[in-house]
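These notes are about the structure you will find just below.
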Amino acid sequence: MARDTLNSLEDGGLFPRLQQRYALRENPLEMEAPFFPEAGRQQALESLRHLCGFGDMALVITGAPGFGKTRLLAEFARHEASRLDIHRIPVSALGSSLALARELRKMARSAIPEDADAREAIQGYFRWSEGRAQRGQRQVLLVDDADQGAPEAVQMLLAGFLAADRSVAAVPVFTGKDVLHSLLAEPAETVRVHQISLVPLSQDDILAYLRPRVERAGGSEKQLLASSRLKKIEALSGGSFSGVQKAAPSVWLDMTPGGSIKRARAKPSLPSVRSLRWPVLAVLLLGGSFWFVSQQYDNAVRQSEPQADKPKPVRKSITIGPETTVSSPNAAEREPKPLPEPSLLPETQPVSGDDLALEPAKEPEQEQSQETRSEPETVLAQDESPQAVSEPEPEPEPAFVPQNAGAFVPLAELRQRDGWTLQVVAGQLEKTVLNVMARAPAGANLEYTVGERQGEPWFMLIYGRYGTKDQAREAASSLPSELGVSNPWVRSFASF
């Protein structure tokens, strides 16, 4: 309700007030040009132009409403209309698979039979587009707001592209919210669908977007683009172009609601003691319960440990007879055998206490000898176990064999070269590179190599070898027209 009140057109509307207050020649928020290249928009446009020319993958542009997806498609169509055959599919054609088939039948005309069902009609369109691309007319389907269409129709359109020869078939370009990528990734592998995400605008991005428009309208940059006003526009716009167009007039006319601005500008204040009472009590209760549980745990661990320090109880025996003696624990350990009676011992061999004490000392030597005999058996058993568990080594994967060995250069050898080159084509299929080489005139300095991208092979076609970057740029403007490439990638050999 607040935004509707701020942007109402009562009393002459907002722009007449802006024009009267700031002497503006025209409305800066209604200017389509220039194209905004910041916040990754120029990079998204170049990726769109590059990948639509190569094919191989369907493209998905995602972002919240008002992030400039439709404007990006319009800029792409303006740049590539002379090179590509671009068609727009309206949202009304995505209401069902039958409506989509009727729309594609209009483009292909007599190439699709009238009695064909929806799936056959869609697949027939992509087969028809393959022949158009072979004649130098690659088609691109722009499906704006695809998330508003029927999921069945959108997935069927993508399935028709994946079933065709993707290197020459029409390339579908979908736009929508972030959930659109997960919807399209269900019937296809993730590597077959390339996502281009548009990020929200920051305060610096809003300044870069409004500055050329304010200058063109004759406004004062110090007044309209002050730091305090940009902060308010960023807080009210949500980082979208449509939000900036709605919030900027209200901020420039000082019509923003006071509550929201105060909240945006207010510094964080310290909480009161009353508000901290319950959180502090909860922290104390949690700390007390943690201490109690830790004490119980320590006691349980202490009780479970073996009490090896306590001596074992020793029984004492008392003999009652003519000579009453009390045996001590040490004496019991030193005398494991009872002494023989004196009458049974020979007179010439008296038994001394030292001889009795030496007899038990032989037992540790016997135990040690038994341990030394048992240790080799354990070692042998441990040595034999790895041999029994060992597995055969996996066989190496077969090496890649290029179809055109004369023009193929390994990637490691290519990186060792000095200088610059022109990357003409790149894709996941070797057939894409070979098709472009087949169209090239005789004697064209074309080579190709293969790398890896997202776990899949990535074939790259290069043209020429130049000493400096400026020489490569000059050669880019004079590429053979048979290649069908007007904007190659100038890159160094070391960047591959």
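The values are calculated or read from the model by the stated rules, or taken from the named source; none is laboratory data. Since the model is a prediction, treat every value here as computed from it, not as a measurement. Note that each Cβ is placed from the backbone with ideal geometry, even for glycine, and that neighbours are counted across all protein chains shown.
Leu253 meets each of the listed conditions (1) over 21 Å from the mean Cα position of the chain (by Cα); (2) on the phi < 0 side of the Ramachandran plot; (3) modelled with pLDDT of 85 or more apart from (3).
When we screen Gln423, Gln428, Gln416 for residues that are crowded, with 16+ Cβ neighbours inside 10 Å, modelled with pLDDT of 90 or more and not assigned by TED's automatic domain parsing to the domain that holds Arg135, the only hit is Gln423.
Hey, can you tell me all the residues within region 214-258 that are aliphatic (A, V, I, L, M) and assigned to a helix (DSSP H, G or I)?
Across region 214-258, the qualifying residues are Val214, Ala217, Leu224, Leu230, Ile233, Ala235, Leu236, Val244, Ala247, Ala248, Val251.
Looking only at region 467-490, decide whether some residue is of a type in the set (Asp, Glu) and under 19 Å from Arg83 (Cβ atoms). Scanning region 467-490, I find at least one residue that is of a type in the set (Asp, Glu) and under 19 Å from Arg83 (Cβ atoms), so the answer is yes. Reported count of residues in region 401-427, each being aliphatic (A, V, I, L, M) and touching a Ser or Thr at 6+ places or on another chain (Cβ under 9 Å), is 5.
Based on what the data block shows, is Phe76 in contact (Cβ under 8 Å) with a residue 24 or more places away in the chain, closer than 20 Å to Gln195 by Cβ and not in a helix (DSSP H, G or I)? Criteria not met by Phe76.
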